[in-house]
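Below: the structure, in structure tokens.
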Amino acid sequence: AQQLISFDYAMKYILRDKSDFSIIEGFLSALLETVNYKPITVKALLETETNKDEARGKRIVADMVVEDEDGVNYIIEIERNEKYNFMHKACFSSGRIVVDSIGQSQDYLKIVKVIHISLLYFDLGGSSLYHGKTIFRDMEAEGANVPLQLHLTQKNGETCYLIDILPEYFVISVPSFHDKITRSIDEWLYMMKYETIQDNFKEKYIKLAAERLNFLKMSVEEKAKYERYQLEMIDVREEIKTAELKGKAEGKAEGKAEGKAEGLAEGEA
């Protein structure tokens, strides 16, 4: 099997030329298809104040504007996470990118829907793929459990569905992938988990991705840069583990101290 570089690294550093956009488009279209979105094309990569932030920039894989077959535009943000507070980060990041995208004009009617994708490199203990969005329900109607297609009519006469404004979220737990290939996105998840593909994969752009991400075909400089990135990610994981162990140790010490204090107080009583 071919040894491939990690897909998050590829999207962050390699697949940034228009000639490579079809690979990202293949992955995103397969992902969005799972919730009945139409295929997309990448219109532009974003460079906002948000993703220039150094601490956050290490986590951000890509921010981009995409367009579907009907001409509808979205902003898609992909973020890599090693920690369990990923949902807090996703909420914060999607909020900031909405603000960045409308600029200084503060024309809220120009807000473009944000789709945030969290790539998790730890096992959630469940499925590998989750999706969430805000759904409005009429709490006074008989069918209160039926989602409401709440909409507003704008000044220009166009109908604006609120569900098309508020951010949506995808969570992908790479290690949790179940290894069963039943739909297009599964081939991408398999590649992300094992950094290789199977010969019988049918997804349109998966073989193109495998060719582009072939480690053996990288230059010496590219290999060195990739290996530095891998070491950086190992350091991040170790920092997280160290912080978790420190927290547990401090919790135990605090518990013992409290127990001792309570024991002394009871003895004195």
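The values are calculated or read from the model by the stated rules, or taken from the named source; none is laboratory data. Every value quoted in this text rests on a predicted model; they were computed, and no experiment measured them. Cβ: placed from backbone, ideal geometry, glycine included. Neighbour counts: every protein chain shown. These area figures cover heavy atoms from the full protein model, side chains too; ligands, DNA and RNA do not enter into them. Shrake-Rupley method; radii C 1.70, N 1.55, O 1.52, S 1.80 Å.
A search for C-beta distances below 6 Å between a residue of segment 124-135 that is more than 13 Å from Tyr169 (Cα to Cα) and any residue that is outside any strand (DSSP E or B) and of a type in the set (Ser, Thr, Tyr), counting only pairs 6+ apart in sequence or on different chains, returns Leu124/Ser176; Ser128/Ser176. If the condition is being open to solvent by 50 Å² or more (accessible area, probe 1.4 Å), more than 15 Å from Leu124 (Cβ to Cβ) and of a type outside the set (Asp, Glu), then segment 67-100 contributes Val72, Asn73, His88, Cys91, Phe92, Arg96, Val99. Selection of strands (runs of 3 or more DSSP E) fully inside segment 105-218 by the criterion of at least 3 residues being at pLDDT 85 or above and open to solvent by less than 40 Å² (accessible area, probe 1.4 Å) returns 114-120, 168-173. Is it the case that some residue within segment 17-24 is basic (Lys, Arg), in a helix (DSSP H, G or I) and closer than 21 Å to Lys225 by Cα? So far as segment 17-24 goes, no, none of its residues is basic (Lys, Arg), in a helix (DSSP H, G or I) and closer than 21 Å to Lys225 by Cα. Going by the conditions given, is Glu244 of a type in the set (D, E, K, R), assigned to a helix (DSSP H, G or I), closer than 30 Å to Gly126 by Cα and modelled with pLDDT under 60? Taking the combined requirement at face value, the residue satisfies it.
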